[in-house]
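Undergrad: Here you go, one structure.
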2 protein chains.
Amino acid sequence: MNGRRITRADRAQLAMMLEVCAFPKPGNVDRCHDYPETRLEHFLASTILARPALERAERGEGSVGELILDAVENTSVHSGGNTHFGAFLLLVPLISGGDIPGACRVVAGTTVDDAVLFYKAFGKTRVRVLSNDALDVNDPGAVEEIRKREMTLYDVMLYSARNDMVAREWINGFALTRRGADLLHSNGGGSGAVVGTFIELLSTEPDTFVIKKHGKDTAWEVMKKAREVRDGIRDISGFDQECIDAGINPGSIADIIIASLYIALGEGWAWDC
Amino acid sequence: MNGRRITRADRAQLAMMLEVCAFPKPGNVDRCHDYPETRLEHFLASTILARPALERAERGEGSVGELILDAVENTSVHSGGNTHFGAFLLLVPLISGGDIPGACRVVAGTTVDDAVLFYKAFGKTRVRVLSNDALDVNDPGAVEEIRKREMTLYDVMLYSARNDMVAREWINGFALTRRGADLLHSNGGGSGAVVGTFIELLSTEPDTFVIKKHGKDTAWEVMKKAREVRDGIRDISGFDQECIDAGINPGSIADIIIASLYIALGEGWAWDC
């Protein structure tokens, strides 16, 4: 092992790559599973093409809103729909801030303009969201509402936190990101540790992306089954297939694991073993 | 489809990613197969980490020898051994020159210093080569010999061309690279076209990396079986498994397909379908 220094942008890209390759990850795209519209190659192309935005974040150029919009625009060159929107929402402050305490300062300092740019970025993705909401990200009137209420991007995340575990990371000091990194360390190295961490988080947290798509009951059922996998009384491959057949993809936990991998890699976690 | 302009460095990285993900590719690492020492993640980490050298090539900074050494040093941060040495040997002139005619001018203009840097780069990899050779890349005396004979890197490739199909690309105007790109176009889009192109090249060209590891007879046997796969009288999965079990990995054809993908992507070939 020699070679060059690994930058924060490298680390973010390695995290995105390692997350999507790890398998079996029940319900999500992985090395061995695609969804018809979103495939392994889409995630990896997005990983490669996000580079300029990640480098800008590392150089401290641009606000959080600009960088999230930049990352979405960098990666909107394929037909695979959103692949990393939630991940960018975590990686941008983590890269800009350097570590979790730094990221907490970055998110606390966001502005109303950041919120507006975030809505613009969201408009370019095809992420599924709850409706019946004055601040619905799909509602063109929402931006006006944001300006009127003088909500910063942090305020938007605070508002979204009850329904969105990625937004919640901004509010709770990246608690699950930290927990995921700790789990990666205690699970050893390599892709087995990624899978173990995924199952552990899935066992103990209802995935809010699953709630939005399929409702609370399904999310709790997934959690219960993940616990059975963790406890060795349910087969992971069967559970994986069951989730895929039902279109249940715990995408928010995947986003958080990317952030966890980013942190763990910076702490010397060994992906390569 | 909107988003930013795709640079040459992006295209090279997408080519490396698309090649390794395509499956089944008989005998090689792919989405569904690892070798114990070299796994999918190693190829993808190398794809990500090669970025600075690829960008330097695009900006026209550095000689071919410097850039190949740079790419090897960029990517020598994992334990997976050589992953992309042959690919860099093709991508560096293709990126620097812009297209195949440009690459031909670049390789023709290489110097003795490029040759020395190439040997230095090679020393940092674990690529298997023929021995009993005054210019053996593993022989520390070879560099002295290169200087004495005033051999440029082009001369070294000319010397290596009889035993190495990647070196041969430098001499024959990137003929197989061009043929692979044409096959990609005629095979349609997406990973199916990559597999089809791999099988077609494997059917008609003895892989020189297989010759170096296993001898000519094995390489011809592989070619014959690949032809049977192409003609629909042999199952690709069984052939794949057979190659993997015997450690037969046609790595030089994989390197050439990366170069073909780089060219085809620049000509509008659709990876995303």
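Undergrad: Filter the range A:1-29 down to residues that are within 7 Å of chain B (Cβ to nearest Cβ) and in contact (Cβ under 8 Å) with a residue 40 or more places away in the chain, then give me how many there are.
TA: Selection size over the range A:1-29: 5.
Undergrad: Is it the case that the range A:30-39 has a residue that's in a helix (DSSP H, G or I), at the interface with chain B (Cβ under 9 Å from one of its Cβ atoms) and modelled with pLDDT of 90 or more? Step through it out loud before you land on a result.
TA: Residues of the range A:30-39 in a helix (DSSP H, G or I): none.
No, because not a single residue in the range A:30-39 is in a helix (DSSP H, G or I), at the interface with chain B (Cβ under 9 Å from one of its Cβ atoms) and modelled with pLDDT of 90 or more.
Undergrad: Right, something else. Just one of the numbered conditions (1) closer than 16 Å to A:Asp255 by Cα; (2) in contact (Cβ under 8 Å) with a residue 60 or more places away in the chain is not true of A:His185; which one?
TA: (1)
Undergrad: Now for a separate question. Provide a single number: the residues in the range A:66-92 that are open to solvent by less than 20 Å² (accessible area, probe 1.4 Å) and either under 16 Å from the mean Cα position of the chain (by Cα) or within 23 Å of A:Ile248 (Cβ to Cβ) (or both).
TA: 17
Undergrad: If you don't mind, there's one more thing I want to ask. Return the residue satisfying two criteria in turn: it lies in the range A:128-157 and is at pLDDT 90 or above and part of a loop (DSSP other than H, G, I, E, B), and of such residues it is most open to solvent (accessible area, probe 1.4 Å).
TA: Ranking the candidates gives A:Glu150 first.
Undergrad: Only one of A:Ile100, A:Ile95, A:Ile48 is away from chain B (no Cβ under 14 Å), open to solvent by less than 10 Å² (accessible area, probe 1.4 Å) and touching a Leu at 6+ places or on another chain (Cβ under 8 Å); which?
TA: Going through A:Ile100, A:Ile95, A:Ile48 in turn, just one is away from chain B (no Cβ under 14 Å), open to solvent by less than 10 Å² (accessible area, probe 1.4 Å) and touching a Leu at 6+ places or on another chain (Cβ under 8 Å): A:Ile95.
Undergrad: Within the set of pairs 6+ apart or on separate chains, which have a first residue in the range A:145-165 that is farther than 11 Å from A:Phe118 by Cα and of a type outside the set (Ser, Thr, Tyr), a second that is open to solvent by 60 Å² or more (accessible area, probe 1.4 Å) and in a helix (DSSP H, G or I), and C-beta atoms under 6 Å apart?
TA: That search, which allows pairs on different chains as well, returns A:Ala161/A:Arg168.
Undergrad: Give the range A:200-248 a look and list any residue that's in contact with a helix residue (DSSP H, G or I) (Cβ under 9 Å, 6 or more places away or on another chain), hydroxyl-bearing (Ser, Thr, Tyr) and within 25 Å of A:Ala181 (Cα to Cα), or say none.
TA: If the condition is that a residue be in contact with a helix residue (DSSP H, G or I) (Cβ under 9 Å, 6 or more places away or on another chain), hydroxyl-bearing (Ser, Thr, Tyr) and within 25 Å of A:Ala181 (Cα to Cα), then A:Ser203, A:Thr204, A:Thr208 are the ones that fit.
Undergrad: How about the range A:168-187: which of its residues are part of a helix (DSSP H, G or I) and either modelled with pLDDT under 95 or not hydrophobic (A, V, I, L, M, F, W, C) (or both)?
TA: Matches in the range A:168-187: A:Arg168, A:Glu169, A:Thr177, A:Arg178, A:Arg179, A:Gly180, A:Asp182, A:His185, A:Ser186.
Undergrad: Looking at the structure I just gave you, is B:Thr83 under 29 Å from B:Ser237 (Cα atoms) and away from every other protein chain (no Cβ under 11 Å)?
TA: Yes: the conditions hold for B:Thr83.
Undergrad: Follow-up. Would you kindly identify the helices (runs of 4 or more DSSP H) lying entirely within the range A:188-273 that contain at least 2 residues that are within 14 Å of chain B (Cβ to nearest Cβ) and modelled with pLDDT under 95?
TA: Working: elements: A:190-204, A:208-214, A:216-230, A:236-246, A:251-266.
Helices (runs of 4 or more DSSP H) meeting the threshold: A:190-204.
Undergrad: Could you tell me whether A:Ala219 is touching a residue at least 40 places away in the same chain (Cβ under 8 Å) and open to solvent by less than 20 Å² (accessible area, probe 1.4 Å)?
TA: Taking the combined requirement at face value, the residue does not satisfy it.
Undergrad: Being assigned to a loop (DSSP other than H, G, I, E, B) and in contact with a Lys or Arg (Cβ under 8 Å, 6 or more places away or on another chain) is the filter here; which residues of the range B:52-85 pass it?
TA: B:Gly62, B:Ser76, B:Val77, B:Gly80, B:Gly81, B:Asn82
Undergrad: Return yes or no: is B:Gly123 closer than 24 Å to B:Thr75 by Cα, at pLDDT below 90 and not hydrophobic (A, V, I, L, M, F, W, C)?
TA: Criteria met by B:Gly123.
Undergrad: Please specify each residue of the range A:55-71 satisfying the condition of being more than 20 Å from A:Gly123 (Cα to Cα) and either in contact with a Gly (Cβ under 8 Å, 6 or more places away or on another chain) or within 12 Å of chain B (Cβ to nearest Cβ) (or both).
TA: Correct list: A:Glu55, A:Arg56.
The values are calculated or read from the model by the stated rules, or taken from the named source; none is laboratory data. The model shown is predicted, which means the values in this text are computed figures rather than measured ones. So basically every Cβ, Gly included, is an ideal-geometry build from the backbone, and we count neighbours across all protein chains shown. Only protein heavy atoms, including side chains, enter the accessible area calculation; ligands, DNA and RNA are left aside. Shrake-Rupley method; radii C 1.70, N 1.55, O 1.52, S 1.80 Å.
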